[in-house]
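The values are calculated or read from the model by the stated rules, or taken from the named source; none is laboratory data. Bear in mind that the values here come from a model prediction, so they are computed numbers and not experimental data. Backbone-built Cβ (ideal geometry, glycine too); neighbour counts: all protein chains shown. Side chains included, ligands, DNA and RNA excluded: accessible areas come from the protein's heavy atoms. Shrake-Rupley method; radii C 1.70, N 1.55, O 1.52, S 1.80 Å.
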Amino acid sequence: MKVKVDDVVYLTDQSGERLKGTILGLSATSLRLAVNGTQRDLRETTVREIKKRRPDRWWDGALLGAVIGAAAGFTIRSSICGGGDCGEGGLVNPGFGVFGAAIGAGAGALGDLLTKRYDTVFANSPTAGGRSLRLSPLLSRGTKGVQLSATF
């Protein structure tokens, strides 16, 4: 995945500080980023990692949920009604699948909207050969801990 001007990225510098910003400019050795209305110029050597959110369509989750929901609805109908008619002259029979598909589509779309995936577009290893073991603090209002990362 490539980045370009106006992309929103999530950057971690070598000290562990995390920034969210919009790319204003790129060169072979530096990055110009707008962070909270302030322009920041960052050299490649000061950046540990850059991530970009992967675009995701909500409708593929809705489609998968609809298929699973319809299958569940028809399975439930079979277990309740058996091989016979559930009443109302056969009008209720497809209702199980339609109702299941609607519930599944809603759940699938919601799941897709709430799931965020990120791709690493740049990683700067501090050691030659790409091998490193890094321990960095994680400090924020709601989080306190350490992050251990190893690259080979």
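Can you tell me which of GLY95, GLY104, GLY73 is open to solvent by less than 70 Å² (accessible area, probe 1.4 Å), part of a helix (DSSP H, G or I), farther than 30 Å from SER30 by Cβ and at pLDDT 90 or above? Steps first, please.
Values: GLY95 fails: at pLDDT 90 or above; GLY73 fails: at pLDDT 90 or above.
Being open to solvent by less than 70 Å² (accessible area, probe 1.4 Å), part of a helix (DSSP H, G or I), farther than 30 Å from SER30 by Cβ and at pLDDT 90 or above holds for just one of GLY95, GLY104, GLY73, which is GLY104.
Identify, by number, the condition in (1) hydroxyl-bearing (Ser, Thr, Tyr); (2) touching a residue at least 24 places away in the same chain (Cβ under 8 Å); (3) in a strand (DSSP E or B) that THR45 doesn't meet.
Result: THR45 passes all but (3).
Looking at the range 1-21 only, could you name the residues that are within 18 Å of the chain's Cα centre (by Cα) and either assigned to a strand (DSSP E or B) or modelled with pLDDT of 90 or more (or both)?
The answer is VAL8, VAL9, TYR10, LEU11, THR12, ARG18, LEU19, LYS20, GLY21.
Can you tell me which residue is nearest to the chain's Cα centre (by Cα) among those in the range 80-92 that are at pLDDT 65 or above and in a helix (DSSP H, G or I)?
In this case the residue turns out to be ILE80.
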